[in-house]
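Novice: Quick one: the structure is below, and I'll ask about it shortly.
The values are calculated or read from the model by the stated rules, or taken from the named source; none is laboratory data. Quick caveat, the model's predicted, so the values are computed rather than measured. Every residue, glycine among them, receives a Cβ derived from its backbone with ideal geometry; neighbour counts consider all protein chains shown. Note: accessible area is taken over every heavy atom of the protein model, side chains too, but ligands, DNA and RNA are not part of it. Shrake-Rupley method; radii C 1.70, N 1.55, O 1.52, S 1.80 Å.
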Amino acid sequence: MSSLQLEDDRTALSEEALKNAFLDDLFYVQGKFPALATKNDYYMALAFAVRDRMLQRWISTAAMYTKHASRTVAYLSAEFLMGPHLGNNLINLGIFDRVKQCMTELGLTFEELLHQEEEPGLGNGGLGRLAACFIDSLATLEVPSVGYGIRYEFGIFHQEIVDGWQVEKTDKWLRYGNPWELVRPEWAVEVKFGGATEQYTDERNRLRVRWVPHKTVIGVPYDTPILGYHTNTANTLRLWRSEAPESFDFAIFNSGDYYGAVNQKVASENLSKVLYPNDEQLRGKELRLEQQYFFVSCSLQDMLRILRTQKLPVERFHDKFAVQLNDTHPAIAIAELMRLLVDDAVLSWSEAWKVTGKTFAYTNHTLLPEALERWPLEVFSRVLPRHLQIIYEINSHFLEEVRIRYFGDEARIARLSLIDESGERYVRMAHLACVGSHAINGVAELHTELLKHDVLKDFYELWPQKFSNKTNGVTPRRWMMLSNPELSDLISAHIGADWVKDLAQLKALEPLAENAEFRARWREIKQHNKQGFAALALQRTGIVIDPKSMFDVLVKRIHEYKRQHLQVLHIVSLYHAIKSNPAVEVQPRAFIFGGKAAPGYQLAKLMIKLITAVGDVVNRDPDVRDRLKVVFLPNFNVTNGQRVYPAADLSEQISTAGKEASGTGNMKFSMNGALTIGTLDGANVEIREEVGAENFFLFGLSAPEVYALRTQGYRPMDYYNADQGLRDVIDLVRSGFFSRGDTELFRPLVDGLLYHDPYLLLADFRSYVDCQAKVSEAYRDAERWTRMSILNTARSGKFSSDRTIREYCADIWNVRPVPIHLLTHAEAGTA
Ligand code: NBG
């Protein structure tokens, strides 16, 4: 092909070029002129102007990776909770301020354009957001990588609060189009489901297995460029959408069954329709298994296609790709790669198994036994008959090895088996992931230890060398620069701007904690962020909070183990103290909550109602005189997170020790100068280690203490009986005081605590309330608090996802950066 002329006005970054491009896109892409343009038209025009500026990097990156056949990380994740792209892309391109300026000069409000973007909420919480931070870091570190996932038509539901209860609305994020993706129908693949398998002898006399599926679905890739920060790298997030195959329709069309054909089409397209909320019970599970297999099969076939274009033999799959399994959701990839290698590529079992084992690595993200994925054998064999055979074969080879190693230890063999046969039979996906991977990791030190000695103990004893820890991190680009620009500018003004790529440099802020002027400026910025958040809270809830009060924040998914209701007990105890003596001295606080409950998790929904019900009483009681305010901010998501972390004084990380794998919100708070009150759980342990025990409010039982208490027999009622303050609190809730006299409403929660309390709220109550008193005392000394706040930020360098990704690259993936040479227009035209 002769050299293609790329237009400068699609790549140039000057103000002039940006403005022209924006107006050009408004006219030629949106088909509007200013007098008729809506906010969304302006947003789209800007997005397209920015996307054009990403494409040169994207193409240069693809060309480089192809030419060098670079070793590539494939990050397989059922969730990518990206959050809005526009602001982040501007930051990473280094043109945020310039574009803001341009928009202002054109008479537009830049913030409004940013807010116009519907965030792609393709994740539930921490796990999906971690995947998003990881691909940001991979691009920033210039590591060849692809994120593979599902392009859900509906992401995590939109939460509204009606009469204090959560109401779910569908998330129609694609309603106005998505300017960041490019569909690649030419790389669509077929995925098969159901049916049966049969043996046959091929033309070379080899005994093989053929899968005769019951249905076929097409997976179409939608690509989104993922920019690195101030690099030329633009990697790809490739999300699969399901479609009905043409041929399938034809067969039924010809038989005259038009509606049957349409139904088939609808059924195929349903596959990628909706993201499943986690913490849900079995209902609707089959579609979820189909989703998992769908995106995994699409992704592996895509990798094989890439291998072919680079003329690499399938035997070298593991040299080209390091495939990371983000939890067990994609674990079926192990059986699928075996199928592709053995059934399609005709490798021997043992050769295929070697390639597979060297390809995969598995990250575990949970310590809750009920959250470990298992599929009823019956469902599994119906959806994936060939894969079940393969899993049986993997299991038989594996158990043979175990039998030799642990001769006669049948109990251990049953515990290790890929098939749970203790009752109804299940496929254990975590076991499949462990057996088929060369590396297994947890996401915080404590979590990894608990995996080794509890959840995955038998596997650790078998293969200790496979286990390692990779403490989570978050990207400072989104969670500091974009969310907290004033603080970021202040930091850069003092220590230079390199911290954004090397967060350990924040250490240089430490001496500034002793600088009174710096502290005053630090406080001013926090105050400003708090004012901004107070305005948002007012607009969303109608509740006025005072930016001078302490912002005490608990935002995360609503779950019993995360113990939002422990904070409620604390609030009620303060309220009780005020009611008993209205003159009592209490530190004014705004208690800010946010988070979604799984639609089928009744108790979590009741926890939301409890928060709002207590808020209704406390917020209105004249005796409180505005000293306590309770706000439940609806629809906590990435966008709202960006507003709340920078505004927080106090970060609540109060899960029962030994339950939270890591937490990542805890890191976002600490980076933004909030102090933590927390248990020794997940990454809290490491945050405390880094920032220093004196800058962290620790309370509650440790994981070993929790374990000991449980084994010795935990009786929550004993705590109730022994503690007058606790009794007052529980009795007040139980009396119907917060539920207009209804003594039944909160009974499931209250009785749950008194008679079972699986997450030990009553055991930790006294320690928590006492610790909160220390927090109040510390807050009253503004200078001391500010020092602690600065030190939290200064010592949060470890929690950059860049550090995490460097560790994965070195210890698990064995990949190296490939810096990108930006192609000139002429080069791109001939590449
Ligand atoms: C979550 C854990 C968090 C952890 C994130 C990211 C799941 C299954 N696990 O503690 O609960 O921070 O994963 O690792 O969503």
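Novice: Which of the residues belonging to region 696-717 are outside any loop (DSSP other than H, G, I, E, B), hydrophobic (A, V, I, L, M, F, W, C) and more than 13 Å from residue 760 (Cα to Cα)? Steps first, please.
Specialist: Initial filter on region 696-717 (outside any loop (DSSP other than H, G, I, E, B)): 697-698, 703-712, 716-717.
Restricting the remaining residues to those that are hydrophobic (A, V, I, L, M, F, W, C) gives 697-698, 703, 706, 708-709, 717.
The answer is 697, 698.
Novice: Among what's in region 122-158 and is within 10 Å of the chain's Cα centre (by Cα) and within 17 Å of residue 273 (Cα to Cα), pick the residue that is farthest from the ligand (Cβ to nearest atom).
Specialist: Restricting to residues being within 10 Å of the chain's Cα centre (by Cα) and within 17 Å of residue 273 (Cα to Cα), the top hit is 122.
Novice: How many residues are open to solvent by 30 Å² or more (accessible area, probe 1.4 Å) and either closer than 20 Å to residue 273 by Cα or in a helix (DSSP H, G or I) (or both) when one looks only at region 73-98? Steps first, answer last, please.
Specialist: At the first step, the residues of region 73-98 found to be open to solvent by 30 Å² or more (accessible area, probe 1.4 Å) are 94, 96-98.
Adding the requirement that they be either closer than 20 Å to residue 273 by Cα or in a helix (DSSP H, G or I) (or both) leaves 96-98.
Summing the residues that are open to solvent by 30 Å² or more (accessible area, probe 1.4 Å) and either closer than 20 Å to residue 273 by Cα or in a helix (DSSP H, G or I) (or both) in region 73-98 gives 3.
Novice: If you go through region 643-655, how many residues are away from the ligand (no atom under 15 Å from the Cβ) and in contact with an Asp or Glu (Cβ under 6 Å, 6 or more places away or on another chain)?
Specialist: Going through region 643-655 one residue at a time, the tally reaches 1.
Novice: Right, something else. Residues that are more than 18 Å from residue 692 (Cβ to Cβ): find the helices (runs of 4 or more DSSP H) completely inside region 758-831 holding 2 or more of those.
Specialist: Where helices (runs of 4 or more DSSP H) fall fully within region 758-831 and carry at least 2 residues being more than 18 Å from residue 692 (Cβ to Cβ), they are 761-780, 801-808, 825-830.
Novice: Within region 796-814, is there a residue that is open to solvent by 10 Å² or more (accessible area, probe 1.4 Å) and under 25 Å from residue 725 (Cβ atoms)?
Specialist: No: zero hits.
Novice: Quick one: count up the residues across region 656-712 that are acidic (Asp, Glu) and within 13 Å of the ligand (Cβ to nearest atom).
Specialist: Matching residues across region 656-712 total 3.
Novice: Next question, about the same structure. Would you check if there is a residue in region 247-267 being at pLDDT 95 or above, of a type outside the set (A, V, I, L, M, F, W, C) and under 33 Å from the mean Cα position of the chain (by Cα)?
Specialist: no
Novice: Now a separate question. Are any of the residues in region 45-53 assigned to a helix (DSSP H, G or I), of a type in the set (Lys, Arg) and modelled with pLDDT of 95 or more?
Specialist: yes
Novice: Which one is nearest to residue 803 (Cα to Cα), of the residues in region 429-453 that are open to solvent by 20 Å² or more (accessible area, probe 1.4 Å) and within 16 Å of the ligand (Cβ to nearest atom)? Quick ask: steps written out before the conclusion?
Specialist: Filtering region 429-453 down to residues open to solvent by 20 Å² or more (accessible area, probe 1.4 Å) leaves 431, 438, 445-446, 449-450, 452-453.
Those still in the list that are within 16 Å of the ligand (Cβ to nearest atom) too: 445-446, 449-450.
Numbers: 445: 15, 446: 18, 449: 20, 450: 22 Å.
Residue satisfying both the conditions and the ranking: 445.
Novice: Out of the residues in region 617-642 that are within 21 Å of residue 779 (Cβ to Cβ) and open to solvent by less than 20 Å² (accessible area, probe 1.4 Å), state the one that is farthest from the ligand (Cβ to nearest atom).
Specialist: Applying the filter and picking the extreme gives 624.
Novice: While we're on this one: Quick test for you: out of 335, 371, 352, pick the one residue that is touching a residue at least 40 places away in the same chain (Cβ under 8 Å) and surrounded by 23 or more Cβ atoms within 10 Å (Cβ to Cβ).
Specialist: Result: 335 is the single residue among 335, 371, 352 that is touching a residue at least 40 places away in the same chain (Cβ under 8 Å) and surrounded by 23 or more Cβ atoms within 10 Å (Cβ to Cβ).
Novice: Against the condition in contact with a Lys or Arg (Cβ under 9 Å, 6 or more places away or on another chain), assigned to a helix (DSSP H, G or I) and open to solvent by 30 Å² or more (accessible area, probe 1.4 Å), how does residue 101 come out, does it pass?
Specialist: Details: in contact with a Lys or Arg (Cβ under 9 Å, 6 or more places away or on another chain): no; assigned to a helix (DSSP H, G or I): yes; open to solvent by 30 Å² or more (accessible area, probe 1.4 Å): yes.
When the stated conditions are applied, residue 101 does not pass them.
Novice: A further question follows. All but one of (1) on the phi > 0 side of the Ramachandran plot; (2) open to solvent by 50 Å² or more (accessible area, probe 1.4 Å) hold for residue 682; which doesn't?
Specialist: (2)
Novice: Looking at region 109-121, is at least one residue loosely packed, with under 14 Cβ neighbours inside 10 Å, more than 16 Å from the ligand (Cβ to nearest atom) and assigned to a helix (DSSP H, G or I)?
Specialist: Pass one, region 109-121, residues loosely packed, with under 14 Cβ neighbours inside 10 Å: 109, 111-112.
Remaining after also requiring more than 16 Å from the ligand (Cβ to nearest atom): 109, 111-112.
From what is left, the residues that are assigned to a helix (DSSP H, G or I) are 111-112.
Scanning region 109-121, I find at least one residue that is loosely packed, with under 14 Cβ neighbours inside 10 Å, more than 16 Å from the ligand (Cβ to nearest atom) and assigned to a helix (DSSP H, G or I), so the answer is yes.
Novice: Under 30 Å from residue 662 (Cβ atoms), within 16 Å of the ligand (Cβ to nearest atom) and either assigned to a helix (DSSP H, G or I) or aliphatic (A, V, I, L, M) (or both): does that describe residue 161?
Specialist: No: the conditions fail for residue 161.
Novice: Same structure, new question: Just one of the numbered conditions (1) acidic (Asp, Glu); (2) open to solvent by 50 Å² or more (accessible area, probe 1.4 Å); (3) under 30 Å from residue 65 (Cα atoms) is not true of residue 198; which one?
Specialist: Here residue 198 meets the rest and fails (3).
Novice: So, residue 181, is that one more than 30 Å from residue 38 (Cβ to Cβ), open to solvent by 20 Å² or more (accessible area, probe 1.4 Å) and either within 16 Å of the ligand (Cβ to nearest atom) or at pLDDT 95 or above (or both) or not?
Specialist: In short, no.
Novice: Here's a follow-up. From the residues in region 370-379 that are touching a helix residue (DSSP H, G or I) at 6+ places or on another chain (Cβ under 7 Å) and within 14 Å of the ligand (Cβ to nearest atom), which one is nearest to residue 389 (Cα to Cα)?
Specialist: So, considering only residues that are touching a helix residue (DSSP H, G or I) at 6+ places or on another chain (Cβ under 7 Å) and within 14 Å of the ligand (Cβ to nearest atom), the one nearest to residue 389 (Cα to Cα) is 373.
Novice: I've got another one for you. What are the pairs, 6+ residues apart or on separate chains, where a residue within region 580-597 that is closer than 23 Å to residue 531 by Cβ has its Cβ under 6 Å from a residue that is open to solvent by 30 Å² or more (accessible area, probe 1.4 Å)?
Specialist: 586/574; 587/779; 594/636
Novice: Still on this structure, I have one more. Of the numbered conditions (1) assigned to a helix (DSSP H, G or I); (2) open to solvent by 40 Å² or more (accessible area, probe 1.4 Å); (3) hydroxyl-bearing (Ser, Thr, Tyr), residue 720 fails exactly one; give the number of that condition.
Specialist: It fails just one condition, (2).
So that you can scan it fast, the table gives a plain yes or no per residue for (1) aliphatic (A, V, I, L, M); (2) more than 30 Å from residue 481 (Cβ to Cβ); (3) assigned to a strand (DSSP E or B):
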position	(1), (2), (3)
605	no, yes, no
608	yes, yes, no
612	no, yes, no
616	no, yes, no
663	no, no, no
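Novice: Of the residues 297, 272, only one is modelled with pLDDT of 80 or more, farther than 28 Å from residue 595 by Cα and crowded, with 17+ Cβ neighbours inside 10 Å; which?
Specialist: Result: 297 is the single residue among 297, 272 that is modelled with pLDDT of 80 or more, farther than 28 Å from residue 595 by Cα and crowded, with 17+ Cβ neighbours inside 10 Å.
Novice: Of the residues 527, 505, 531, only one is assigned to a helix (DSSP H, G or I) and open to solvent by less than 60 Å² (accessible area, probe 1.4 Å); which?
Specialist: Just one listed residue meets the conditions, 527.
Novice: I need a count of the residues in region 438-470 that are among the β-branched types (Val, Ile, Thr) and more than 23 Å from residue 321 (Cα to Cα).
Specialist: Residues meeting the conditions: 2.
Novice: Name the single residue that is surrounded by the most Cβ atoms within 10 Å (Cβ to Cβ) among those in region 205-214 being among the charged types (D, E, K, R) and at pLDDT 95 or above.
Specialist: Pass one, region 205-214, residues among the charged types (D, E, K, R): 206, 208, 210.
Checking the rest, the ones that are also at pLDDT 95 or above come to 208, 210.
Numbers: 208: 14, 210: 12.
Taking the candidates together, the pick is 208.
Novice: Provide a single number: the residues in region 815-831 that are of a type in the set (A, V, I, L, M, F, W, C), open to solvent by less than 20 Å² (accessible area, probe 1.4 Å) and modelled with pLDDT under 95. Outline the logic, then answer.
Specialist: Filtering region 815-831 down to residues of a type in the set (A, V, I, L, M, F, W, C) leaves 815, 818, 820, 822-823, 826, 828, 831.
With the extra rule that they be open to solvent by less than 20 Å² (accessible area, probe 1.4 Å), the set shrinks to 815, 820.
Next, only the ones that are modelled with pLDDT under 95 stay: none.
Total satisfying the criteria: 0.
Novice: Residues that are closer than 19 Å to residue 195 by Cα: list the helices (runs of 4 or more DSSP H) wholly contained in region 257-326 that include at least 1 such residues.
Specialist: It comes to 258-270, 285-309.
Novice: Okay, next question. Determine if region 540-552 includes at least one residue that is in a helix (DSSP H, G or I) and open to solvent by 30 Å² or more (accessible area, probe 1.4 Å). Write out each step before concluding.
Specialist: Kept after step one, since they are in a helix (DSSP H, G or I), are these residues of region 540-552: 540-541.
Right, trim to open to solvent by 30 Å² or more (accessible area, probe 1.4 Å) and you get 540-541.
Yes: one or more hits.
Novice: With the condition kept exactly as written, say whether any residue in region 408-416 is within 16 Å of the ligand (Cβ to nearest atom) and open to solvent by less than 10 Å² (accessible area, probe 1.4 Å).
Specialist: Taking every residue of region 408-416 in turn, none turns out to be within 16 Å of the ligand (Cβ to nearest atom) and open to solvent by less than 10 Å² (accessible area, probe 1.4 Å).
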